[in-house]
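Student: Have a look at this one.
The values are calculated or read from the model by the stated rules, or taken from the named source; none is laboratory data. For clarity, every value in this text was computed on a predicted model and none was experimentally measured. Note that each Cβ is placed from the backbone with ideal geometry, even for glycine, and that neighbours are counted across all protein chains shown.
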Amino acid sequence: MKIPNFQMEGVYIKNEGRWEMSLKKEEIERFKRELTSLRKVHQEAFDGTANDVKTPDEARGTSQHHADEGTEDFNRTISIEVTAKELDVIKQIDRALEKIEEGTYGVCDVTGDAIPLKRLEAIPYATMTRDAQDKFEKGKLQY
């Protein structure tokens, strides 16, 4: 979405034919710092879990009980799922940071509507309004 050059810096959206400021430059900078910090935390968690999954189990095969091996397999499966979830969050954070660079942070990728500030404060990497996210998760919306 190409935004006309306005006097105040920030993110603008079109509302009933008028351009309105959605987020001020200071708010965007604050979110950028928060997203950068969140990305680091999630990347460290991802790296740690990914290393756990990749590390060969030295104790594997030493147990005489199939139940112990089942527990080890279950724990590895949980670690893989956690790794996948962390990677998903990292991708969402990267998209939010990309939107900051594009000048579209705070604007829904799907509808073009403003993402409410309270939603961004709760989930700074949100790239859709809650309604669009719900429809997407229910398979009623293609992204």
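Student: Starting from residues that are out of contact with any strand residue (DSSP E or B) (no Cβ under 9 Å at 6 or more places or on another chain) and among the hydrophobic types (A, V, I, L, M, F, W, C), keep the ones in segment 27-43 and report whichever is surrounded by the most Cβ atoms within 10 Å (Cβ to Cβ).
Tutor: Selected residue: Leu35.
Student: Just the residues that are farther than 21 Å from Asp94 by Cβ and part of a loop (DSSP other than H, G, I, E, B), please, taken from segment 113-136.
Tutor: Once the filter is applied, which keeps residues that are farther than 21 Å from Asp94 by Cβ and part of a loop (DSSP other than H, G, I, E, B), segment 113-136 yields Asp113, Pro116.
Student: Scan segment 101-141 residue by residue and report those that are of a type outside the set (Ser, Thr, Tyr) and either touching a residue at least 40 places away in the same chain (Cβ under 8 Å) or touching a Gly at 6+ places or on another chain (Cβ under 6 Å) (or both).
Tutor: Gly103, Gly106, Val107, Gly112, Asp113, Ala114, Ile115, Leu117, Leu120, Pro124
Student: Among the numbered conditions (1) in a helix (DSSP H, G or I); (2) at pLDDT below 85, tell me where Lys91 comes up short.
Tutor: (2)
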